[in-house]
1. Looking at (1) over 18 Å from the mean Cα position of the chain (by Cα); (2) in contact (Cβ under 8 Å) with a residue 40 or more places away in the chain; (3) surrounded by 13 or more Cβ atoms within 10 Å (Cβ to Cβ), find the lone condition where residue 272 falls short.
2. Of all residues in segment 160-177, count the ones that are in contact (Cβ under 8 Å) with a residue 24 or more places away in the chain and in a helix (DSSP H, G or I).
3. Anything in segment 240-263 that is under 14 Å from residue 67 (Cα atoms), free of Cβ contacts under 8 Å to residues at least 60 places away in the same chain and surrounded by 22 or more Cβ atoms within 10 Å (Cβ to Cβ)? List them, or say none.
4. What number of residues in segment 275-294 are part of a helix (DSSP H, G or I) and surrounded by fewer than 18 Cβ atoms within 10 Å (Cβ to Cβ)?
5. For segment 187-229, which positions are in contact with a strand residue (DSSP E or B) (Cβ under 7 Å, 6 or more places away or on another chain), farther than 23 Å from residue 18 by Cα and not in a helix (DSSP H, G or I)?
6. If I go through segment 139-162 residue by residue, how many of them are surrounded by fewer than 18 Cβ atoms within 10 Å (Cβ to Cβ) and either in the same structural domain as residue 47 (by TED's automatic domain parsing) or over 12 Å from residue 181 (Cα atoms) (or both)?
7. For residue 43, all conditions in the list (1) under 12 Å from residue 8 (Cα atoms); (2) in a strand (DSSP E or B) hold save one; what is the number of the exception?
8. Out of the residues in segment 11-32 meeting the condition of being in a strand (DSSP E or B) and in contact with a helix residue (DSSP H, G or I) (Cβ under 9 Å, 6 or more places away or on another chain), tell me which one is surrounded by the fewest Cβ atoms within 10 Å (Cβ to Cβ).
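The values are calculated or read from the model by the stated rules, or taken from the named source; none is laboratory data. What you are looking at is a predicted structure, and each value in this text was computed from that prediction instead of being measured. Glycine gets a Cβ as well: all are built from the backbone with ideal geometry, and neighbour counts include every protein chain shown.
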(Lines give C-alpha, C1' and ligand atoms only; values in the text may rest on other atoms or scores of the structure.)
Protein backbone atom coordinates (compact mmCIF):
# COMPACT_ATOMS: atom_id res chain seq x y z
CA UNK A 1 0.00 0.00 0.00
CA UNK A 2 1.50 3.30 -1.13
CA UNK A 3 1.46 6.02 1.50
CA UNK A 4 0.51 9.59 0.53
CA UNK A 5 3.19 12.14 -0.33
CA UNK A 6 3.75 14.23 2.80
CA UNK A 7 6.48 16.51 4.11
CA UNK A 8 6.30 15.18 7.65
CA UNK A 9 8.55 12.38 8.85
CA UNK A 10 7.42 8.79 8.17
CA UNK A 11 8.92 5.69 9.78
CA UNK A 12 8.05 2.01 9.36
CA UNK A 13 8.56 -0.73 11.98
CA UNK A 14 9.30 1.84 14.68
CA UNK A 15 9.69 1.04 18.38
CA UNK A 16 6.80 2.26 20.51
CA UNK A 17 9.22 2.47 23.44
CA UNK A 18 10.58 5.65 21.86
CA UNK A 19 7.12 7.22 21.81
CA UNK A 20 6.11 7.06 25.48
CA UNK A 21 7.59 8.02 28.83
CA UNK A 22 7.03 4.50 30.24
CA UNK A 23 9.39 3.09 27.58
CA UNK A 24 7.02 0.17 27.04
CA UNK A 25 5.57 -1.37 23.86
CA UNK A 26 6.32 -3.37 20.73
CA UNK A 27 6.74 -2.15 17.18
CA UNK A 28 4.51 0.30 15.33
CA UNK A 29 3.77 -0.62 11.73
CA UNK A 30 4.02 3.03 10.63
CA UNK A 31 4.58 6.30 12.50
CA UNK A 32 3.95 9.76 11.09
CA UNK A 33 4.97 13.14 12.50
CA UNK A 34 2.89 15.80 10.67
CA UNK A 35 4.39 19.27 10.53
CA UNK A 36 1.05 21.07 10.66
CA UNK A 37 -2.68 20.49 11.07
CA UNK A 38 -3.27 20.19 7.33
CA UNK A 39 -0.83 17.29 7.04
CA UNK A 40 -2.50 15.58 9.98
CA UNK A 41 -5.90 16.00 8.32
CA UNK A 42 -4.59 14.68 4.98
CA UNK A 43 -3.13 11.59 6.64
CA UNK A 44 -6.28 11.01 8.68
CA UNK A 45 -8.43 11.13 5.54
CA UNK A 46 -6.08 8.78 3.71
CA UNK A 47 -6.12 6.28 6.59
CA UNK A 48 -9.90 6.35 6.74
CA UNK A 49 -10.18 5.83 2.98
CA UNK A 50 -7.89 2.81 3.27
CA UNK A 51 -9.51 1.45 6.47
CA UNK A 52 -6.25 1.81 8.37
CA UNK A 53 -6.39 1.95 12.20
CA UNK A 54 -5.14 5.21 13.72
CA UNK A 55 -3.63 5.99 17.12
CA UNK A 56 -2.89 9.63 17.96
CA UNK A 57 -0.06 10.42 20.39
CA UNK A 58 1.55 13.51 21.82
CA UNK A 59 4.58 12.94 24.04
CA UNK A 60 3.11 9.66 25.31
CA UNK A 61 3.30 10.71 28.96
CA UNK A 62 -0.03 9.25 30.07
CA UNK A 63 -0.39 6.14 27.96
CA UNK A 64 0.32 2.39 28.04
CA UNK A 65 1.16 0.96 24.62
CA UNK A 66 0.85 -2.78 23.85
CA UNK A 67 3.64 -5.36 23.78
CA UNK A 68 2.30 -6.72 20.49
CA UNK A 69 2.79 -3.34 18.83
CA UNK A 70 0.32 -1.39 16.72
CA UNK A 71 -0.72 -2.00 13.16
CA UNK A 72 -1.91 0.83 10.97
CA UNK A 73 -0.81 4.40 11.59
CA UNK A 74 0.49 6.08 14.72
CA UNK A 75 0.31 9.87 14.34
CA UNK A 76 2.56 11.89 16.68
CA UNK A 77 1.66 15.56 17.09
CA UNK A 78 4.88 16.90 18.60
CA UNK A 79 5.86 18.78 15.41
CA UNK A 80 2.57 20.71 15.42
CA UNK A 81 4.13 23.28 17.71
CA UNK A 82 3.36 26.76 16.36
CA UNK A 83 3.09 29.49 18.99
CA UNK A 84 1.94 33.11 19.04
CA UNK A 85 2.30 35.13 22.23
CA UNK A 86 -0.05 38.05 22.85
CA UNK A 87 -0.45 40.42 25.80
CA UNK A 88 -2.18 38.00 28.18
CA UNK A 89 -2.90 35.09 25.84
CA UNK A 90 -1.03 32.50 23.86
CA UNK A 91 -2.17 30.67 20.74
CA UNK A 92 -0.37 27.35 20.59
CA UNK A 93 -0.29 24.16 18.52
CA UNK A 94 -1.33 20.82 19.99
CA UNK A 95 2.18 19.36 20.12
CA UNK A 96 3.77 22.13 22.18
CA UNK A 97 5.34 20.98 25.46
CA UNK A 98 3.40 21.97 28.59
CA UNK A 99 6.63 22.32 30.58
CA UNK A 100 8.14 24.58 27.94
CA UNK A 101 4.96 26.65 27.71
CA UNK A 102 4.88 27.16 31.49
CA UNK A 103 8.54 28.18 31.50
CA UNK A 104 8.11 30.67 28.67
CA UNK A 105 5.00 32.16 30.30
CA UNK A 106 7.01 32.72 33.49
CA UNK A 107 9.74 34.54 31.58
CA UNK A 108 7.05 36.90 30.24
CA UNK A 109 5.59 37.53 33.68
CA UNK A 110 2.39 35.68 32.78
CA UNK A 111 0.71 33.79 35.63
CA UNK A 112 -1.57 30.77 35.59
CA UNK A 113 0.55 27.94 34.22
CA UNK A 114 2.84 27.45 37.20
CA UNK A 115 1.12 24.16 38.12
CA UNK A 116 2.12 22.70 34.72
CA UNK A 117 5.87 23.21 35.19
CA UNK A 118 6.38 19.48 35.79
CA UNK A 119 3.72 17.90 33.56
CA UNK A 120 5.63 16.13 30.74
CA UNK A 121 2.86 16.16 28.13
CA UNK A 122 1.68 18.33 25.26
CA UNK A 123 -0.83 21.16 25.44
CA UNK A 124 -3.26 19.27 23.16
CA UNK A 125 -3.38 16.13 25.27
CA UNK A 126 -3.28 18.23 28.42
CA UNK A 127 -6.42 20.11 27.44
CA UNK A 128 -8.19 16.93 26.35
CA UNK A 129 -7.74 15.28 29.76
CA UNK A 130 -7.84 18.55 31.75
CA UNK A 131 -4.32 18.00 33.08
CA UNK A 132 -3.63 19.42 36.48
CA UNK A 133 -1.35 19.50 39.51
CA UNK A 134 -0.89 21.44 42.75
CA UNK A 135 -4.52 22.58 42.70
CA UNK A 136 -4.44 23.97 39.14
CA UNK A 137 -6.11 22.64 35.99
CA UNK A 138 -5.55 23.57 32.36
CA UNK A 139 -9.29 23.67 31.62
CA UNK A 140 -9.63 26.83 33.71
CA UNK A 141 -7.35 28.68 31.27
CA UNK A 142 -8.82 27.58 27.94
CA UNK A 143 -10.38 30.38 25.89
CA UNK A 144 -10.69 28.72 22.48
CA UNK A 145 -9.86 25.36 20.95
CA UNK A 146 -9.67 24.16 17.35
CA UNK A 147 -10.45 20.45 17.15
CA UNK A 148 -10.61 17.69 14.60
CA UNK A 149 -13.58 15.34 14.78
CA UNK A 150 -13.42 11.60 14.08
CA UNK A 151 -15.20 12.35 10.79
CA UNK A 152 -12.38 14.68 9.72
CA UNK A 153 -14.18 17.98 10.30
CA UNK A 154 -12.53 20.96 11.98
CA UNK A 155 -14.52 22.76 14.67
CA UNK A 156 -13.72 25.89 16.67
CA UNK A 157 -15.03 25.86 20.22
CA UNK A 158 -14.83 28.48 22.95
CA UNK A 159 -13.92 27.41 26.46
CA UNK A 160 -17.48 27.70 27.71
CA UNK A 161 -18.63 25.09 25.18
CA UNK A 162 -16.25 22.50 26.65
CA UNK A 163 -17.18 20.61 29.79
CA UNK A 164 -14.09 20.05 31.91
CA UNK A 165 -14.02 17.68 34.86
CA UNK A 166 -11.41 15.83 36.92
CA UNK A 167 -8.90 14.45 34.37
CA UNK A 168 -11.57 14.42 31.68
CA UNK A 169 -13.45 16.64 29.26
CA UNK A 170 -16.21 16.60 26.69
CA UNK A 171 -13.44 16.67 24.05
CA UNK A 172 -12.43 13.11 24.98
CA UNK A 173 -16.05 12.00 25.33
CA UNK A 174 -16.83 13.28 21.82
CA UNK A 175 -13.67 11.80 20.28
CA UNK A 176 -12.24 15.21 19.34
CA UNK A 177 -8.53 15.77 18.71
CA UNK A 178 -7.13 19.15 19.76
CA UNK A 179 -5.24 20.91 16.95
CA UNK A 180 -4.71 24.36 18.41
CA UNK A 181 -5.76 26.35 21.46
CA UNK A 182 -5.78 29.82 22.93
CA UNK A 183 -4.85 29.98 26.60
CA UNK A 184 -5.73 32.98 28.74
CA UNK A 185 -3.17 33.97 31.39
CA UNK A 186 -2.77 36.78 33.91
CA UNK A 187 -0.35 39.55 32.95
CA UNK A 188 1.58 41.80 35.27
CA UNK A 189 3.39 39.22 37.36
CA UNK A 190 7.04 39.40 38.35
CA UNK A 191 9.01 36.85 36.35
CA UNK A 192 11.44 36.06 39.18
CA UNK A 193 8.57 35.38 41.62
CA UNK A 194 6.80 33.08 39.15
CA UNK A 195 9.99 31.17 38.42
CA UNK A 196 10.72 30.80 42.15
CA UNK A 197 7.26 29.34 42.69
CA UNK A 198 7.83 26.89 39.84
CA UNK A 199 11.21 25.94 41.28
CA UNK A 200 9.50 25.05 44.56
CA UNK A 201 6.84 22.97 42.80
CA UNK A 202 9.48 21.11 40.78
CA UNK A 203 11.46 20.34 43.94
CA UNK A 204 8.34 18.99 45.63
CA UNK A 205 7.66 16.80 42.60
CA UNK A 206 11.19 15.39 42.61
CA UNK A 207 10.92 14.60 46.31
CA UNK A 208 7.58 12.81 46.08
CA UNK A 209 7.54 11.14 42.65
CA UNK A 210 9.81 8.41 41.18
CA UNK A 211 11.16 10.53 38.32
CA UNK A 212 14.38 8.50 38.23
CA UNK A 213 12.49 5.66 36.50
CA UNK A 214 10.36 5.62 33.34
CA UNK A 215 6.72 6.08 34.33
CA UNK A 216 3.40 7.42 33.08
CA UNK A 217 2.46 9.61 36.02
CA UNK A 218 -0.45 8.73 38.28
CA UNK A 219 -2.02 5.39 37.39
CA UNK A 220 -5.37 5.88 39.11
CA UNK A 221 -7.71 8.79 39.58
CA UNK A 222 -8.33 9.78 43.17
CA UNK A 223 -11.72 8.44 44.31
CA UNK A 224 -13.93 11.23 45.74
CA UNK A 225 -12.64 12.11 49.20
CA UNK A 226 -9.66 9.75 48.99
CA UNK A 227 -6.09 9.60 47.75
CA UNK A 228 -5.39 6.66 45.44
CA UNK A 229 -1.75 6.63 46.48
CA UNK A 230 -2.59 6.51 50.18
CA UNK A 231 -5.10 3.71 49.67
CA UNK A 232 -2.58 1.60 47.73
CA UNK A 233 0.12 2.25 50.34
CA UNK A 234 -2.21 1.34 53.22
CA UNK A 235 -3.10 -1.88 51.43
CA UNK A 236 0.59 -2.82 51.39
CA UNK A 237 1.37 -2.68 47.68
CA UNK A 238 4.44 -0.44 47.70
CA UNK A 239 7.37 -2.26 46.12
CA UNK A 240 5.26 -5.11 44.71
CA UNK A 241 6.70 -6.23 41.41
CA UNK A 242 5.70 -8.26 38.37
CA UNK A 243 8.58 -8.78 35.98
CA UNK A 244 10.22 -5.36 35.77
CA UNK A 245 7.04 -3.39 36.49
CA UNK A 246 6.88 -2.21 40.10
CA UNK A 247 4.52 -0.24 42.35
CA UNK A 248 6.84 2.59 43.34
CA UNK A 249 8.30 2.68 46.85
CA UNK A 250 8.32 6.48 46.56
CA UNK A 251 4.70 7.00 45.49
CA UNK A 252 2.23 4.11 45.47
CA UNK A 253 0.12 5.58 42.64
CA UNK A 254 3.03 5.16 40.22
CA UNK A 255 4.05 1.97 38.43
CA UNK A 256 7.64 2.27 37.31
CA UNK A 257 9.66 0.50 34.63
CA UNK A 258 12.71 -1.00 36.33
CA UNK A 259 14.32 -1.97 33.03
CA UNK A 260 12.33 -3.82 30.41
CA UNK A 261 8.79 -3.85 31.81
CA UNK A 262 6.01 -5.36 29.72
CA UNK A 263 2.58 -3.85 29.19
CA UNK A 264 1.00 -7.17 30.21
CA UNK A 265 2.77 -7.01 33.59
CA UNK A 266 1.57 -3.45 34.13
CA UNK A 267 -1.99 -4.43 33.23
CA UNK A 268 -1.89 -7.36 35.66
CA UNK A 269 -0.53 -5.10 38.41
CA UNK A 270 -3.33 -2.60 37.77
CA UNK A 271 -5.95 -5.36 37.92
CA UNK A 272 -4.57 -6.88 41.14
CA UNK A 273 -4.42 -3.52 42.91
CA UNK A 274 -7.90 -2.53 41.74
CA UNK A 275 -9.41 -5.77 43.04
CA UNK A 276 -7.64 -5.54 46.39
CA UNK A 277 -8.71 -1.93 46.99
CA UNK A 278 -12.29 -2.88 46.13
CA UNK A 279 -12.18 -5.86 48.50
CA UNK A 280 -10.61 -3.94 51.38
CA UNK A 281 -12.26 -0.53 51.12
CA UNK A 282 -15.22 -0.95 48.78
CA UNK A 283 -13.75 1.67 46.44
CA UNK A 284 -13.28 1.46 42.68
CA UNK A 285 -9.97 2.78 41.35
CA UNK A 286 -10.39 4.09 37.80
CA UNK A 287 -7.30 4.34 35.63
CA UNK A 288 -6.06 7.81 34.77
CA UNK A 289 -3.55 6.46 32.27
CA UNK A 290 -4.89 5.67 28.79
CA UNK A 291 -4.54 2.01 27.83
CA UNK A 292 -4.14 1.43 24.08
CA UNK A 293 -4.89 -2.05 22.76
CA UNK A 294 -3.22 -3.63 19.76
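1. Condition (2) is where residue 272 drops out.
2. Summing the residues that are in contact (Cβ under 8 Å) with a residue 24 or more places away in the chain and in a helix (DSSP H, G or I) in segment 160-177 gives 2.
3. Residue satisfying the conditions is 245 alone.
4. Here the count works out to 6.
5. In the first step, residues of segment 187-229 are kept if they are in contact with a strand residue (DSSP E or B) (Cβ under 7 Å, 6 or more places away or on another chain); the result is 189, 194, 210, 213-216, 219-220, 228.
Pick out the ones that are also farther than 23 Å from residue 18 by Cα and you get 189, 194, 220, 228.
Within segment 187-229, 189, 220 meet the criteria.
6. Within segment 139-162, residues that are surrounded by fewer than 18 Cβ atoms within 10 Å (Cβ to Cβ) and either in the same structural domain as residue 47 (by TED's automatic domain parsing) or over 12 Å from residue 181 (Cα atoms) (or both) number 9.
7. With (1) under 12 Å from residue 8 (Cα atoms); (2) in a strand (DSSP E or B) applied to residue 43, the lone miss is (2).
8. Restricting attention to segment 11-32, the residues satisfying the condition of being in a strand (DSSP E or B) are 11-15, 27-32.
Narrowing further to those that are in contact with a helix residue (DSSP H, G or I) (Cβ under 9 Å, 6 or more places away or on another chain): 27-28, 31-32.
Working: 27: 16, 28: 25, 31: 23, 32: 25.
Here the answer is 27.
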